[in-house]
Amino acid sequence: MPHTDGGTAVDQPAADPPAGPPTPVSTRPNPYERGPDPTLASVAADFGPFASAQLSVPPGHGFNGGYIYYPTDTSQTFGAVAIVPGYTALFADEEAWMGPRLASFGFVVIGIETTSRQDWDRARGAQLLAALDYLTQHSPVHERTDPGRLAVIGHSMGGGGAFAAAARRPSLKAVVGLAPYFPSGDLATIRVPTLIIGGQKDPTVIPSYVERLYASLPARTPSAYVMLADADHLFPTRPNTGQMRVLVPWLKIFVDKDVRYTRFLCPLADRSGISQHRVTCPLVPPE
């Protein structure tokens, strides 16, 4: 599949990178922009500009409960993200650090526990969609959640679950696989903008598998692939600036339609800690 940005820059920060392909800019104001104009420092910061809070979700509604993280600002609605952990894992033990960070950048986040810790990709995908339905229709924060701007994220088998969810619900605005394993197949039917992040030293989901998975995406699907240098299979289970400075712009571009963030990915503005990357530039959120 063709890509307009790529390379193998290992631990080489890109100061003053060359301008990427021009991004068409609408003359209409974007009602979904959230937060001040971003900078390279703000994208890499531990937390964004929004204060956030957390609440617990009991089991039921098609998944085994979990946690919601949300901006406390009640003056506007926010896009939402559902996160599912990997095989046998618990969100509370591994990915919970992402919840308050993403909420602070202006997203409502639901991190779920699965019905069975042995659930495979399709079951995890169904539970991600059930969690989004609960979040937007029945949760205590449903009124501040925009049901038309939803995304899914998963780690390992949960990454496969995120792809399964995107295949079932193409109206999703973004899908992110973190060291993803998708035993049900490839990504040939995925139309949802797709970000894949892998670990260069992952012995479980090895780089060649991740590269083949990424290559199976349709050429017309907006996509990006980032390999974190020296990262193992568990990189998404601990605070990780390299992951977040790619993940936050991806969600901002496609969930919030915020083209202010395209300059961080097209071209990749900070390549430190990244051994390989590919991006389909320009990244233009669908109308």
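Would you be able to say whether some residue in the stretch 248-263 is without any contact (Cβ under 8 Å) to a residue 60 or more places away in the chain and either under 19 Å from Pro203 (Cβ atoms) or of a type outside the set (Val, Ile, Thr) (or both)?
Within the stretch 248-263 (the criterion being without any contact (Cβ under 8 Å) to a residue 60 or more places away in the chain and either under 19 Å from Pro203 (Cβ atoms) or of a type outside the set (Val, Ile, Thr) (or both)), the answer is no, since none of the residues qualifies.
Rundown of residues vs (1) within 26 Å of Thr77 (Cα to Cα); (2) aliphatic (A, V, I, L, M), yes/no style:
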{"position": "Phe163", "(1), (2)": "yes, no"}
{"position": "Ala166", "(1), (2)": "yes, yes"}
{"position": "Val175", "(1), (2)": "yes, yes"}
{"position": "Tyr181", "(1), (2)": "no, no"}
{"position": "Gly185", "(1), (2)": "no, no"}
{"position": "Arg191", "(1), (2)": "yes, no"}
{"position": "Leu195", "(1), (2)": "yes, yes"}
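Residues to consider are Gly148, Gly106, Gly177; find the one that is free of Cβ contacts under 8 Å to residues at least 40 places away in the same chain and closer than 25 Å to Asp37 by Cβ. Spell out the reasoning first.
Details: Gly106 fails: free of Cβ contacts under 8 Å to residues at least 40 places away in the same chain; Gly177 fails: closer than 25 Å to Asp37 by Cβ.
After applying the criteria, what remains is Gly148.
Looking only at the stretch 64-116, count how many residues are surrounded by fewer than 20 Cβ atoms within 10 Å (Cβ to Cβ), hydrophobic (A, V, I, L, M, F, W, C) and assigned to a loop (DSSP other than H, G, I, E, B).
Count: 3.
Assuming Met227 fulfils every condition listed in (1) part of a strand (DSSP E or B); (2) more than 19 Å from Gly273 (Cα to Cα) apart from one, which condition is it?
(2)
What is the residue count in the stretch 260-287 for residues that are in contact with a His (Cβ under 9 Å, 6 or more places away or on another chain), part of a strand (DSSP E or B) and more than 22 Å from Lys173 (Cβ to Cβ)?
Number satisfying all stated conditions: 0.
Can you find even one residue in the stretch 30-37 that is over 20 Å from the mean Cα position of the chain (by Cα), at pLDDT below 95 and either over 30 Å from Ser272 (Cβ atoms) or hydroxyl-bearing (Ser, Thr, Tyr) (or both)?
Scanning the stretch 30-37, I find at least one residue that is over 20 Å from the mean Cα position of the chain (by Cα), at pLDDT below 95 and either over 30 Å from Ser272 (Cβ atoms) or hydroxyl-bearing (Ser, Thr, Tyr) (or both), so the answer is yes.
Does any residue of the stretch 120-129 turn out to be buried (at least 24 other Cβ atoms within 10 Å of the Cβ), under 24 Å from Ala45 (Cβ atoms), in contact (Cβ under 8 Å) with a residue 12 or more places away in the chain and in contact with a strand residue (DSSP E or B) (Cβ under 8 Å, 6 or more places away or on another chain)? Steps first, answer last, please.
From the stretch 120-129, those buried (at least 24 other Cβ atoms within 10 Å of the Cβ) are 121, 124-125, 127-128; that's our starting set.
With under 24 Å from Ala45 (Cβ atoms) added as a condition, the list becomes none.
Scanning the stretch 120-129, I find no residue that is buried (at least 24 other Cβ atoms within 10 Å of the Cβ), under 24 Å from Ala45 (Cβ atoms), in contact (Cβ under 8 Å) with a residue 12 or more places away in the chain and in contact with a strand residue (DSSP E or B) (Cβ under 8 Å, 6 or more places away or on another chain), so the answer is no.
Could you list, in sequence order, the residues of the stretch 78-93 that are touching a strand residue (DSSP E or B) at 6+ places or on another chain (Cβ under 8 Å) and under 16 Å from Asn64 (Cα atoms)? Show your work before the answer.
From the stretch 78-93, those touching a strand residue (DSSP E or B) at 6+ places or on another chain (Cβ under 8 Å) are 78-86, 89, 91-92; that's our starting set.
Correct list: Ala82, Ile83, Val84, Pro85, Gly86, Ala89, Phe91, Ala92.
If Leu135 satisfies every condition in (1) farther than 15 Å from Phe63 by Cα; (2) more than 16 Å from the chain's Cα centre (by Cα); (3) crowded, with 23+ Cβ neighbours inside 10 Å but one, which is the exception?
For Leu135, the exception is condition (1).
Within the stretch 255-282, restricting attention to residues that are within 15 Å of the chain's Cα centre (by Cα) and farther than 20 Å from Phe47 by Cα, which residue is surrounded by the most Cβ atoms within 10 Å (Cβ to Cβ)?
Looking at the filtered set, the residue picked out is Val279.
The values are calculated or read from the model by the stated rules, or taken from the named source; none is laboratory data. Keep in mind that this is a model prediction, so the values were computed, not measured. Using ideal geometry, Cβ is built from the backbone for each residue, glycine included, and neighbour counts are taken over all protein chains shown.
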